[in-house]
Amino acid sequence: MARILAIDFGKVRTGLAITDELQIIASGLTTVNTKELIPFLKDYVAKENVELFVVGEPKQMDATASESEALIIPFLQKLTKAIPLIPVTRVDERFTSKMAFQTMIDGGLKKKQRKNKALVDEISATLILQSYLYSK
């Protein structure tokens with residue numbers, strides 16, 4: 001089997017998470033400057049066997065698209081053009097940032113560590129990936 005890579009897309013930073021090859025465990029991979037995201041992903045999939053991209057789909061409480069979706073659509077177009085052989089699926093990402101922050105608290109991270117937005121983005125990507133894995 002191949003890995004699944006999750007993307008928590010952001011205007012400035014993007015959190016990434018990856019499964020193991022058996023697609024059982026979701027783990028944070030890293031946080032990348034969004035401007036460098038496509039080259040990072042191209043390099044990563046050249047080295048690792050990735051079969052699917054799971055991209056967070058931000059929604060409002062009433063299930064309509066969030067304002068962030070306007071930034072994600074052009075990214076998805078670039079992604080599918082740059083890496084056409086790997087399909088993309090979307091997962092509702094409502095509350096992942098809040099859940100990531102709570103995970104940091106529950107994990108005993110100090111206040112200074114919890115202010116690390118890059119870590120929040122990486123944990124959010126992991127939660128998106130776990131959500132996808134549970135739904136499979």
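The values are calculated or read from the model by the stated rules, or taken from the named source; none is laboratory data. If you're wondering where the values come from, they're calculated on a predicted model, not measured in any experiment. FYI the Cβ positions are ideal-geometry reconstructions off the backbone, even for glycines, and counts take in every protein chain you see.
Looking at the stretch 3-21, which of its residues are assigned to a loop (DSSP other than H, G, I, E, B) and either over 18 Å from residue 70 (Cα atoms) or among the small types (Gly, Ala, Ser) (or both)?
Within the stretch 3-21, 10, 20, 21 qualify.
Go through the stretch 116-135 and report how many residues are touching a Leu at 6+ places or on another chain (Cβ under 9 Å) and either at positive phi or touching a residue at least 60 places away in the same chain (Cβ under 8 Å) (or both).
7
Touching a residue at least 12 places away in the same chain (Cβ under 8 Å) and closer than 17 Å to residue 93 by Cβ: does that describe residue 42?
no
In the stretch 73-107, which residues are in a helix (DSSP H, G or I) and at pLDDT below 80?
Residues satisfying the conditions are 96, 97, 98, 99, 100, 101, 102, 103, 104, 105, 106.
Using beta carbons and a limit of 7 Å, which pairs, at least six apart or on different chains, have the first residue in the stretch 73-87 and more than 15 Å from residue 46 (Cα to Cα) and the second one assigned to a loop (DSSP other than H, G, I, E, B)?
Correct list of pairs: 75/9.
When you look at residue 31, is it within 17 Å of residue 78 (Cβ to Cβ), of a type in the set (S, T, N, Q) and touching a Leu at 6+ places or on another chain (Cβ under 8 Å), yes or no?
no
Taking the conditions exactly as written (surrounded by 20 or more Cβ atoms within 10 Å (Cβ to Cβ), modelled with pLDDT of 95 or more and under 16 Å from residue 128 (Cα atoms)), does residue 19 satisfy them or not?
yes
Among the residues that make up the stretch 58-70, is at least one of them assigned to a helix (DSSP H, G or I), over 24 Å from residue 1 (Cβ atoms), more than 12 Å from the chain's Cα centre (by Cα) and modelled with pLDDT under 95?
Yes, the stretch 58-70 contains a residue that is assigned to a helix (DSSP H, G or I), over 24 Å from residue 1 (Cβ atoms), more than 12 Å from the chain's Cα centre (by Cα) and modelled with pLDDT under 95.
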